[in-house]
Structures are given as C-alpha cells and as structure tokens.
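Participant: Sharing a structure with you now.
The values are calculated or read from the model by the stated rules, or taken from the named source; none is laboratory data. Since this is a predicted model, take the numbers as computed values, not measurements. Here the Cβ positions follow ideal geometry from the backbone for every residue, glycine too, while neighbour counts run over all protein chains shown.
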Amino acid sequence: MATLRFPKLVQRIREEFEDHPNLRVNATEAARFWGLDLTESQLVLAELQLTGFLAEGPDHRYRHVA
C-alpha cells in the first residue's frame, strides 16, 4: 500500500464510522465493503483502534467508540 494513500484511507473509513454510528464490521467484511485487500483492512482498523476511535468486540467486529 502506498504510504501517501494510507492516511486518506484511514480518514475515509473513519468518516464512514462517523456517518453510520451502528456500523459493526470485522476485517474481512470491511475489506469487501471498502474494496480493500485483507491486509489493508486490518492495518486501517488497527490504526483506528490504536487511536481510540474504534473498539474490537469479542466477536472481532469493530465499532466506533462514542
């Protein structure tokens, strides 16, 4: 993944979670939903989790932390 593309991708997915507060996805679902490969999906979700924006539930689905 291009280094310059990553911040834009993170921002785009962050905005999706903000626009859809009930969105819950695992890494595989996120990859399909946003047209990413699984590694990209995992990296973006991990970044958003590290910043405290997302939390991962016991079902491995990510959700926005209110």
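Participant: Among the numbered conditions (1) touching a residue at least 40 places away in the same chain (Cβ under 8 Å); (2) part of a helix (DSSP H, G or I), tell me where Pro7 comes up short.
Facilitator: Every listed condition holds for Pro7 apart from (1).
Participant: Here is a further query. If I go through region 12-66 residue by residue, how many of them are of a type in the set (S, T, N, Q) and surrounded by 15 or more Cβ atoms within 10 Å (Cβ to Cβ)?
Facilitator: 3
Participant: Sticking with this structure for a sec: Provide a single number: the residues in region 41-66 that are farther than 12 Å from Arg14 by Cβ and modelled with pLDDT of 95 or more.
Facilitator: Of the residues in region 41-66, 13 are farther than 12 Å from Arg14 by Cβ and modelled with pLDDT of 95 or more.
Participant: Can you pull out the residues in region 10-21 that are closer than 16 Å to Arg63 by Cβ and without any contact (Cβ under 8 Å) to a residue 40 or more places away in the chain?
Facilitator: Hits for region 10-21 are Ile13, Arg14, Glu15, Glu16, Asp19, His20.
Participant: Would you be able to say whether some residue in region 21-30 is outside any loop (DSSP other than H, G, I, E, B), of a type in the set (Ser, Thr, Tyr) and modelled with pLDDT of 95 or more?
Facilitator: Looking through region 21-30, at least one residue is outside any loop (DSSP other than H, G, I, E, B), of a type in the set (Ser, Thr, Tyr) and modelled with pLDDT of 95 or more.
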